[in-house]
Structures are given as C-alpha cells and as structure tokens.
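Colleague: Here it is: the structure, laid out below.
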Amino acid sequence: MTYGTDGTEYGPGAKLEEAIAEFRAIAKDIGEKEAKQFDGDLMTTLAHANRFADMKELAKTIQDAQLRETGRIVAVAATDGSAAAVRELGAFDAATRRQYAQTIGQMLLNLRLYPQATEMYELSTQGAPNASTARPFIETLRKTKRIEELPLDDKDPRAVVQKMILAMVRDDMPTLKKLFAFDLKPAAEDEDEEDPLTVMRGLTTGASMPPAVIGDLSFATLRVQSDGTDKSGYRVRIRSESGVNMPALFVIKQNGAYVIRAATSTVDTIGAAVMAFADAGDLESARTWLNWVREDVQAGGGDDPLRGLPFAALWPKDNAAANADEIRIAAASLMLRKGDERGLPLLLAQREKASDHTKTWIDVALGAAYTDRKDWKNVVPIAERLTVAYPDSDNAFRMHVFALSLSGRTAEAEELAKKRLAKKPKDDEALRALSSNAAKARDYAAAAKYAEQLVDELSPTQNDYNNAAWFELFAGNVTHAMENARRATAEESQTSAAALHTLATLYAETGKNIEARDALLRTLDKSRRDQPDSSDWYVLGRMAENYGVREAALAAYKRVDKKENDGASVWELAQRRLAAMGKN
C-alpha cells in the first residue's frame with residue numbers, strides 16, 4: 001500500500017491512509033508491545049501523508065530515543081519551520097545534534113520540504129570533518145523548489161524540459177507521450193527500456209531518493225538554452241551546473257504547443273524529421289537541423305581514411321548550400337538503427353548517382369547497418385569494395401574479414417588475414433581476426449595460439465587478454481587461461497562483465513566455487529543485473545557439479561540458450577558437460 005503506481009515507495013498513487021489504518025489495526029491485534037517494531041514504518045508513512053500532528057502524538061509513545069526525537073522534530077520543522085526545529089535540536093550535545101540533523105534532513109528532503117531540509121543539513125555539517133564536501137549539495141538544495149510550483153511559460157520552447165520532468169515525477173505517461181512527437185520505428189525485438197519515453201523517464205528513477213526529489217534537484221541544477229525559430233524548430237540544449245551536457249531536444253510547434261520532435265540520444269528521430277522537412281520542400285529547416293547535429297559529431301582522423309561516423313563525412317560543418325539529395329543522404333545515414341528500414345533503401349538508391357567520396361561513405365554506412373543486422377552476405381560485397389579502394393584501412397579490413405568469417409567463408413577469411421599478417425607481421429587486427437576466425441571454425445588450438453601471440457608480442461587490451469583466456473579454456477589450457485583471465489580483470493574500473501564471466505567460469509572449471517561465486521556476483525554487478533542470464537547458468541551448473549549436486553547441475557546446464565552457435569559459445573561448454581554427465 002505504501003508503493004505508488006510507479007513502483008516507488010510513497011510514490012504517486014500510494015494508498016497511505018489505508019496503510020496507516022492497517023498499521024494501527026495490526027497494533028490492536030498483536031498488542032502495543034509487539035507493535036513497537038512498526039513504529040518507524042508508521043512514522044515515515046504519517047510523514048508522507050502530511051499527518052504531522054499524528055507524528056507528534058506517536059512520538060510520545062516511542063521508546064527508542066533517536067526515532068522519537070527525529071520523528072518529532074521532522075513534524076516540528078514541517079509545521080513550525082526550520083528555526084523551531086533548530087531550537088529543538090539545541091537540547092542535545094554536538095555529536096547527537098549532528099546525527100539527528102542528518103536523519104531529519106534526509107526525511108525532510110524526501111518530503112520535498114527543501115528550506116527546512118537545507119537548514120538541517122547545514123546543522124549536520126557544523127564541526128563535521130566532511131563539511132566542505134557537503135557544501136555543493138547544500139547550496140544546490142538551498143535553491144531547489146518543487147518543480148510544479150515554478151512558473152511555466154508555454155510560449156517558451158524551453159518549457160518542454162520542465163514539462164517533461166514534471167510528467168516523469170508524477171508518473172504521468174499520457175502527458176509525457178503527448179509531449180513527444182517522435183517518428184520512431186521500433187524493432188520487434190527492442191526491449192522496453194530502449195523506448196525513448198522510457199529512457200527519458202528513467203532519468204528520475206533508480207536512485208535512493210524519490211523520483212520527485214530527483215526531478216526537483218535536477219531541474220534546479222540545469223541550464224537550458226534554445227536556438228531557432230517557430231518556422232525552423234528549436235534546438236534545446238541542457239547542461240548541468242557540473243558542465244555535463246545532456247541529450248539535446250529538437251522542438252517544433254504543433255497544434256499551437258511545443259513538442260519534442262527528436263533528440264540527439266535517438267538520432268534516427270532527427271533523420272526522420274529532416275526527411276519530413278525535405279519532403280515538404282523546407283530545405284532551409286532541414287539544413288539547420290543537420291548543422292545542429294554536425295556541431296556535436298566529430299569527423300574521423302588519423303591514419304585510417306575510413307575512421308569516423310559516415311554522417312560527419314557526408315555532411316560538412318555549417319553546410320548552407322546542400323541540395324535535397326545531399327540532405328536526404330545525410331538524414332538517411334542517421335536512420336540505420338536495426339528495426340528502422342527507411343534509411344537503407346534511400347542510401348542504396350542514392351549511391352548509384354553519388355560522387356566517389358559520397359559512394360565510399362554510403363558504403364561505410366551500409367556496411368555498419370548490415371553488420372548491426374548480422375546480414376553478412378550483404379556486408380561482404382560492400383567490404384570488398386572498401387578493401388580494394390583502401391587496402392590499408394583497419395576499418396575496411398575488419399568489416400571484410402569478419403563478414404567472411406561470420407557468413408561461413410572461414411577459409412577465405414583466414415587467407416585474407418594471413419595476407420595482411422604477411423605484409424604486417426606485428427599487426428594486431430590480423431591476429432585478432434585469425435584468432436576469432438579459428439574459433440568460428442572450432443579450431444580452438446589455433447584460436448588460442450593467435451590470441452596468445454597477440455598478448456605476448458604486441459600491446460594487448462583487456463579484451464585481448466579475455467579472448468586469450470576464453471579460447472585457451474576451449475583448447476584445454478586452463479592454467480594459462482587463468483593467468484590471462486586475471487590480467488583481464490586486474491583493474492576493476494576498466495574490466496568488463498564478459499571478462500569477469502570468463503574468470504568465474506575458469507574458477508568453476510578448477511573447482512574453486514567460492515572464487516567462482518565472487519566473480520559471478522561481480523559479473524552481475526558490472527552488468528547491472530539482479531538475476532543470472534543464460535551464460536551465468538553454466539557457471540552455476542559447474543559449481544553445482546563441483547558440489548556433487550547432479551540434478552541441479554543438469555537443470556542449470558539446460559538453461560543455457562543456444563543463441564548463435566558461432567564457436568566458443570557458452571552453449572557448447574554446457575553441451576560438453578551434459579555429454580560428460582551422460583544425460584542430454
């Protein structure tokens with residue numbers, strides 16, 4: 001009953017009055033002494049229900065000194081102001097005063113009583129060793145107001161930011177959806193969290209503070225700027241006081257109200273909007289939007305001529321004279337997300353009449369799009385063209401060799417990589433390709449050999465160490481695999497969930513269940529998951545097998561999904577164990 005419709009405690013729609021009645025009914029049923037265990041929960045619920053007089057009465061019956069005094073003073077602060085609360089805290093010694101003020105400040109913050117919370121946090125830092133570090137937060141809190149109480153100017157396009165945050169903290173999805181006019185084609189397999197509205201709403205969830213408080217604090221620290229006109233639309237840029245830039249919003253006036261037409265966090269929405277401008281003959285607005293995007297997209301550089309995003313090569317900065325075809329090509333290069341097929345046919349059609357420079361970057365864009373779709377047969381001819389035109393390009397080589405390998409043409413991939421290695425004996429890209437291709441062909445000894453050559457002779461990345469460990473596991477060299485797995489996970493801040501999973505697998509393979517469990521928990525933490533996924537079940541199965549719990553091991557192995565069997569898969573490891581245990 002204390003949880004709201006948004007899934008947060010004391011959130012919108014929480015049935016607080018019913019919860020209070022339930023607490024009191026339970027107290028009658030189990031007796032006053034046993035009910036004392038619920039005093040803290042009841043006090044908090046009363047606070048969120050604005051039942052401050054009841055909080056003061058409840059405090060008179062509470063035996064726990066801290067709960068009694070902090071609950072009572074929260075109510076005093078709410079009804080009589082921060083000065084009265086400060087006077088009440090004056091009755092305690094300095095250490096107790098700081099401790100109580102911290103607890104009271106947190107509760108007042110959660111209640112969105114910001115002036116009172118500010119004074120309590122200020123008091124809690126007096127004489128404390130962390131006073132200087134707490135100062136920025138206190139100063140932010142001092143200017144924070146409830147967002148719904150701030151003035152809202154519907155004639156200002158920047159107001160969409162305030163409206164968006166307000167709808168999110170209220171869990172008002174209908175209003176939030178009306179605020180967005182995205183032209184977005186979701187892929188059938190897209191997860192809910194990839195939906196732009198859900199991503200936007202997620203900005204106010206997932207932290208220890210209530211969403212409404214996060215919204216208030218966030219808005220208090222944001223600096224919102226806009227440029228544009230009602231005709232062209234507006235770019236609304238958002239920056240926090242710390243200097244962090246947030247995704248820019250592209251706003252238009254629709255039916256007399258400003259709505260969010262696109263966002264840089266979902267560039268295909270910008271491409272679709274630009275395409276609509278071009279189709280309507282409004283090339284000036286289309287160019288304006290593409291120029292806005294280009295300001296934040298850097299062109300490639302360095303030794304590889306194909307390095308960088310295609311959009312940057314297809315749309316020069318401050319482009320004021322591009323024609324409709326050039327606009328459509330640049331817009332289409334932003335519309336290649338899997339599930340949105342509108343950009344592909346346009347690029348294919350435009351390629352035939354494009355200049356050589358434009359053809360090259362259309363090919364790079366098409367190659368990336370087909371790669372994202374795992375359409376390797378379409379990637380191969382594109383990669384061949386790029387490799388012929390740019391034989392020394394790492395990007396062209398990677399696209400070509402992996403497309404050959406993953407389309408089943410492993411012998412050709414090996415030949416291509418060996419030719420490059422013969423030309424450049426210390427080439428890390430060639431060794432990575434040879435190792436990966438050998439694993440695809442299930443030649444795990446060769447996969448491990450090339451991976452080990454890379455980590456021994458060149459400048460390996462943590463991913464290189466992880467790949468070496470993984471392929472050595474399949475090749476049966478568990479001891480050396482463990483060395484590389486430890487190297488891959490040596491720096492906690494730099495390691496990946498995949499490397500931690502490799503480490504967990506190797507610990508389980510060698511019977512070290514305690515270490516395997518620790519590494520698996522780190523994997524979950526790094527992946528931000530609460531539950532094991534398909535690959536984790538292999539580790540759990542191996543641990544169960546080590547403990548001699550046969551049925552649990554079999555059940556765990558069977559929960560490993562086959563997915564794509566491209567060699568060196570967790571599913572293959574599970575099948576090996578099932579075969580060894582004599583039951584498939």
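Since every read-out is calculated from the coordinates, none of them should be taken as a lab result. The shown structure was predicted, so the numbers you read here are calculated from the model rather than taken from an experiment. A quick note on method: Cβ atoms are made from the backbone with ideal geometry, for glycine too, and the neighbour counts reach across all protein chains shown.
Colleague: Using a cut-off of under 13 Å, list every residue of the stretch 374-410 whose amide N is near the label point 7 Å from the Cα of residue 307 along the Cα-to-beta-carbon line.
Modeller: Within reach of a label on residue 307: 393-396.
Colleague: What dipole magnitude, in Debye to the nearest 20, does the stretch 363-488 give about its Cα centre under +1 on Lys/Arg Cβ and -1 on Asp/Glu Cβ? Can you show the working numbers first?
Modeller: On the way: 18 positive and 19 negative charges, 46 e Å.
For this selection, approximately 220 debye.
Colleague: Oh, and also: Suppose only helical runs count, i.e. DSSP H with n ≥ 4. What mean residue ellipticity at 222 nm does that imply for the chain under -39500 (n - 2.57) per run, divided by all residues and rounded to the nearest 500 deg cm²/dmol?
Modeller: -18500 deg cm²/dmol
Colleague: Could I ask something else about it? Between residue 130 and residue 463, what is the spin-label point distance in nm, taking each point 7 Å from the Cα along the Cα→C-beta axis?
Modeller: The modelled label-to-label distance comes out at 3.7 nm.
Colleague: Once both axes come from the Cα atoms, what is the angle between helix 478-488 and the longest principal axis of the chain, in degrees from 0 to 90, rounded to 10?
Modeller: Roughly 60 degrees, rounded to the nearest 10.
Colleague: Rank-order 332-342, 136-146 by packing density, defined as the average count of other C-beta atoms within 10 Å over each peptide's residues, highest first. Present the calculation step by step, with values, prior to reporting the outcome.
Modeller: On the way: 332-342: 21.5, 136-146: 15.5.
The peptides rank, most packed first, as 332-342, 136-146.
Colleague: Shifting gears a bit: Which order results if 402, 397 are arranged by neighbouring Cβ count within 10 Å, fewest first?
Modeller: So the ranking, lowest neighbour count to highest, is 402, 397.
Colleague: Now for a different question. Using +1 at the C-beta of Lys and Arg and -1 at the C-beta of Asp and Glu, which of 368, 59, 35 has the Cα lying farthest in the positive direction of the dipole of the chain?
Modeller: 368
Colleague: I've got another one for you. If you put +1 on each Lys and Arg Cβ and -1 on each Asp and Glu Cβ, how big is the dipole of the chain around its Cα centre, in Debye rounded to 20? Let's see the in-between values first.
Modeller: Values: 78 positive and 88 negative charges, 29 e Å.
Its charge dipole is roughly 140 debye.
Colleague: May I pose another question? Expressed as an acute angle from 0 to 90° and rounded to the nearest 10, what is the orientation of the C-alpha long axis of helix 534-546 relative to the principal long axis of the chain?
Modeller: Approximately 80 degrees, to the nearest 10.
Colleague: Here is a follow-up. State the answer as a single residue: which of 13, 556, 335 lies farthest towards the positive end of the charge dipole of the chain, with beta carbon charges of +1 for Lys and Arg and -1 for Asp and Glu, about the Cα centre.
Modeller: 335
Colleague: Which value, to two decimals, describes the C-alpha radius of gyration of the chain once divided by 2.2 N^0.38 Å?
Modeller: 1.21
Colleague: Same structure, new question: Is there a quick way to get the dipole size of the stretch 50-139? I mean about its Cα centre, with the Cβ of Lys and Arg at +1 and of Asp and Glu at -1; what is the value in debye to the nearest 20?
Modeller: I would put it at about 80 debye.
Colleague: Give the residue from 266, 71, 322 lying farthest towards the positive end of the charge dipole for the chain; charges sit on Cβ (+1 for Lys and Arg, -1 for Asp and Glu) and the dipole is referred to the Cα centre.
Modeller: 322
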